[in-house]
Amino acid sequence: MESFEAHPDAEIITSFPGLGSLTGARVLAEIGDDRSRFTDAKGLKAFAGAAPVTRASGRSLAVMARRVKNQRLASVGYVWAFAALTASPGARAHYDRRRADGDRHTAAQRNLFNRMLGCLHHCLTKRTHYDEATAFPVPQAPQLSVAA
């Protein structure tokens, strides 16, 4: 635990809701600290199994969960997403929105993990801490112009 807390990325990783020292150490161990390993967030999401797989043939289209993935990162990702539901109002709203759109619990949780991985990739690349307002911006109500 001491070696994780001494790592330069530890503060950034533990700034995320739902990531403590133990889960943060697992995330860092699985993704590594070589920032050139994943050139974009898509690669990290696919590696973790959070990005869906789309199979299309003719008229059929199926969007499924990825089976080939880093299982250790995927398992800590579900714990992370579940813990973020109580620690982050934005994460909770995102999860609830996915559930209202018809996703099952695991699909909504995987989608939240996907979103959080994108934020993690951004924060580690830019060397910034997690910001709730940036990660989950509050949608602005459209302003209607008054007709004269």
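Observations on the structure shown:
- Among residues that are of a type outside the set (Lys, Arg), touching a residue at least 12 places away in the same chain (Cβ under 8 Å) and not in a helix (DSSP H, G or I), residue 129 is included.
- Test for residue 36: is it of a type in the set (S, T, N, Q) and touching a residue at least 12 places away in the same chain (Cβ under 8 Å): no
- From the list 54, 14, the one residue that fits, being touching a helix residue (DSSP H, G or I) at 6+ places or on another chain (Cβ under 6 Å), free of Cβ contacts under 8 Å to residues at least 12 places away in the same chain and farther than 21 Å from residue 137 by Cβ, is 14.
- Scanning segment 107-126 for residues being farther than 16 Å from residue 27 by Cα and either of a type in the set (Phe, Trp, Tyr) or without any contact (Cβ under 8 Å) to a residue 12 or more places away in the chain (or both) gives a total of 1.
- Exactly one residue among 81, 135 is among the aliphatic types (A, V, I, L, M) and more than 24 Å from residue 4 (Cα to Cα), and that residue is 135.
Any read-out appearing in this document is the output of simple, stated calculations on the displayed coordinates, not a laboratory observation. Computed from a prediction, not measured in an experiment: that's the story for all the values here. In this analysis, Cβ positions are derived from the backbone assuming ideal geometry, glycine residues included, and neighbour counts consider all displayed protein chains.
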